[in-house]
Every structure is written in C-alpha cells, then in structure tokens.
Amino acid sequence: MPLTSPSDVYYDPYDAQIDADPYPVWRRMRDEAPLYYNEKYDFYALSRFEDVEPCLSDWNTYRSGRGSILELIKANIELPSGIILFEDPPIHDIHRSLLARVFTPRKMNALEPKIREFCARSLDPLVGTERFDFIRDLGAQMPMRTIGFLLGIPESDQEAIRDRLDEGLQLREGEELSVSAEDFNSDEFGAYIDWRAEHPSDDLMTELLNAEFEDETGTVRKLHREEVLTYVTMLAGAGNETTTRLIGWTGKILAENPDQRRELVADRSLIPNAIEELLRFEAPSPVQARHVARDVEHHGHTVPEGSIMVLLNGSANRDERRFADPDRFDVHRDVGRHLSFGYGIHHCLGAALARLEGRVALDEVLNRFPTWEIDWDNAVQARTSTVRGWETMPAFVR
Ligand code: HEM
C-alpha cells in the first residue's frame, strides 16, 4: 500500500509557497499520513508530537552523524569533527560536555545587561522615526553582537562572518540547497584564533583554547586549532540565524494580536511565557532530519535502514493531540514542553541564551514602540532549508 494512501497530501520542503504557511499541509500529514513518504526527494516524515519527540530522543536509531539537514544527509560528505549537531555518541557527548563546561547557564544569565545594551544601541537611534525593521534593525544585529561578545569575536569582524555563514545557507527560488565539504572549511576565524592563543582574554574562545579534555582515544589533551575553529564557527552559526528569526516572528505575531501586545506592554512578567508561546507557535528551526540506522515500524509501515527521516518539530508544536486549539496564539497558554529547541541529546545548547535574547529584545522593543503594524508590501520571507522565518519584517510605528 502506498504510504500516503488514501490521502493525496504532498509536502515539499523546498516549495516557497508551502514554506510560507506549512501548517495546512502538516495538519493533513498528521491526520491522513502520520508516516509520510516523499518519493521525489526520497525521505520519510513524522509530524505528530507523540512520534517526533521519541524519535528525537532515540539517537541510536535516528542518527545525526551524516548531518541533520536533509540535503546534507543526501550529499553524504565527510563532516569536520566538532560540529556536535552532526555527531552521534560517543564523540558527540565528548564534544558536547566540553562545550557545556564553557557554555553555562550562569554565564548566559550574566549577559543580560550586555544584551540590553546591544538592543539599546540598535533601537535608540530609531526612536522618533515612523518605521523600523524587526530583522534589519534588531534581529540581524543583537544576536550576532551577543554571540560575538561571548566568543570574543571583534565587532569589526562580526558582520563579515555573519554574511559568510548566511551565504552558505541561502536557498534561491526553485532550488534545492546544495552542500559541499568546502562550506565547512571556513578559515574566517583562523588568524584571529592564532592571535587569541597568544593573547588570552576572558572570552569563550580563550577558554576553549585552554580547556583540557579526554578525547575518544582516552588521551587528555587540549583542542587543536582546527577544532576550536569548528566550535566557534558552529556556535556563531547556530546561535545567530535562529534567534534572528525568532525576533522577526515576534514582530509579526504581536502585530497580529494587538490585545495580547497591550497586555504585555502593561505587564512585563508575561514576557517569558510569551516567548515560549512564540517559540511553540512559529518554530524558527521546524525541520530536523535524521539517518535511520535500522528497520523501524511506524503506523503499520516499515521504514528501512538507511532511509532519511524528517522529524517535523514545527508540526508537533501544532499537534491538536497535544495542544488545545494549537493554531491560536495565546500568551497565557500553559505551554508545557514544545519541541522548538529539539529534544534529547541534541537539545539546543543555546536554549537559555536564546530565551534570554528573545525576552530582552521584546522588553526593549515594547519600551520604545508599544504599537506597530507590519508593512506587508515590504516583508520578505527568508529562504533557507533549515530555518523558517523572515528576511525583513518592516513595521510602521503607530
Ligand atoms: C541545537 C533550535 C539558538 C546552539 C538546536 C536544535 C534546535 C535548535 C531545534 C536541535 C537540532 C537537532 O536536533 O538536530 C534553536 C532555536 C534557537 C536557537 C529555535 C533560537 C531561537 C541557539 C543559540 C545557540 C545555539 C543562541 C548558541 C550559541 C546550538 C547548538 C546545538 C543546537 C550548539 C547542537 C546541540 C547538539 O547537537 O548537542 N538548536 N537554537 N542555538 N543549538 Fe540551538
């Protein structure tokens, strides 16, 4: 029996129109094809919360070692050591625990004043103007400055690095993203890391250069230059684009829900839950791909070993089996667990930082601009295969 039968539901992750509003297709997948198979691109997909969550936890079956992006798994290229997103245990755990040692919640929370300062630097010059852009004027700036500050990347280099990272993930209309090993061989930070090794500071880069750990061969050693380079590039990449999109979604969703925005202006203690609900409602990274390591059964069908499984955490967040009235945005909702930061061993290492940035950004926007409307003629969708959101989110100040 064909997998999608009796439904004719079709999900194309590269279709810009679907990407603009994937929720109707994802709902049909959950209802009619809970195990979905796409013949054109040869992948399976799970869309219900009760399926996505356990698969994200079962790293032994659903593996990331060939990449966790659809086209990366297909490209079947050797990936550099240290990109924990694309690693399985035991190496993943060795690298992740080393990173977790320097990337502590305490350190993240201590960043709040700095994040406020970065928001103020972006927003203060706009006070008194009639329009501003949630992405260009805030989302594209503050997260880069924050991760740059944390890692110790000089501001003068941050923009070039962001452009370089974004370029690697741009998807042009009607194209699939193509990935090659060269995309990961950026030497953008190389010279700077050498300099930093000679001139230690109190940033994460210095900590990574000095950290000693037991590697997979049991040898206690420091990281090689190339490994530090990979870590720093990965953190700058993972910590940037997604948070940028969260800030864009914040502008859009609150413009569409002015009553809830008014409540937030009046009561800032609602902000943390509003950010959780925003993350649930519009997951900035809604699609995770895995390589299936053994035959598995889902909804009466066998998914053979070697298949690609797409886990739609963005769909799971809107699953009516899990969330009451899931397509309603509600800052008062008891969100519980959403899957926007993934789940299991790859759960987002930067979740605490992302939440903090989201909360501070919203608070600082509301301090200066309590009401706005979106300039829809000039809002541009972002097109990358892994991150969903907006390239621009221009607003009229009201
Ligand atoms: C992993 C989302 C911000 C660093 C992940 C994963 C998701 C995610 C879904 C899991 C991927 C998978 O299972 O394959 C997000 C979202 C963010 C955000 C929505 C912002 C709103 C950040 C920030 C950082 C960061 C600020 C740090 C600087 C990482 C890292 C991993 C990761 C290093 C890999 C963890 C591992 O594989 O063990 N993120 N992220 N992220 N994220 Fe985030």
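A short reminder: the numbers here are calculations on the coordinates, not readings from a lab. Nothing here was measured: the structure is a model prediction, and the numbers come from that model. Glycine also receives a Cβ, built like all others from the backbone with ideal geometry; neighbour counts cover every protein chain displayed.
Some observations on this one:
- All distinct Cα pairs of region 281-343 go into the 1/r average, and the inverse of that average, the Kirkwood radius, is 13.4 Å.
- Model label points for His224 and Asp375, set 7 angstrom from Cα along the Cα-to-Cβ axis, are 5.0 nm apart.
- Using alpha carbons only: equivalent-ellipsoid semi-axes of the chain, gyration tensor based, whole Å: 31, 30, 18
- In terms of surrounding Cβ atoms within a 10 Å radius of their Cβ, Val228, Val380, Val220 rank from fewest to most as Val220, Val380, Val228.
- Separation of alpha-carbon centers, region 60-111 and region 244-275, rounded to whole Å: 31 Å
- FRET efficiency, Asp363 to Glu159 (Cβ-Cβ, R0 22 Å, nearest 0.05): 0.30
- Peptides 344-350, 237-243 ranked from most to least packed by the mean count of surrounding Cβ atoms within 10 Å: 237-243, 344-350.
- Volume per residue of the convex hull around the Cα atoms, evaluated for region 240-398, comes out as 130 Å³.
- Each of Asp133, Asp12, Asp327 was scored by other Cβ atoms within 10 Å of its Cβ. Listed from fewest to most, they are Asp327, Asp12, Asp133.
- Amide H contacts for Phe43 (H built 1.01 Å from N in the peptide plane; partners 5 or more residues away or on another chain; cut-off under 5 Å): Asn38.
- Histogram of C-alpha separations across region 107-159, 10 Å bin width, %: 24, 52, 21, 3
- Relative to its Kirkwood radius, the Cα radius of gyration of region 1-78 gives an Rg/Rh of 0.97.
- Part-to-part distance (alpha-carbon centres) for region 310-348 and region 195-223, which is given in Å: 37 Å
- Per-residue ellipticity at 222 nm, computed for the chain from helices alone with -39500 (n - 2.57) per DSSP H run of at least four residues, works out to -12500 deg cm²/dmol.
- Label-to-label distance, nm, for residues given as Asp334 and Val9 (7 Å Cα→Cβ offset): 2.8 nm
- Using the Cβ-Cβ distance between Asp124 and Ser269 with R0 set to 25 Å, the FRET efficiency from 1/(1 + (r/R0)^6) comes to roughly 0.55.
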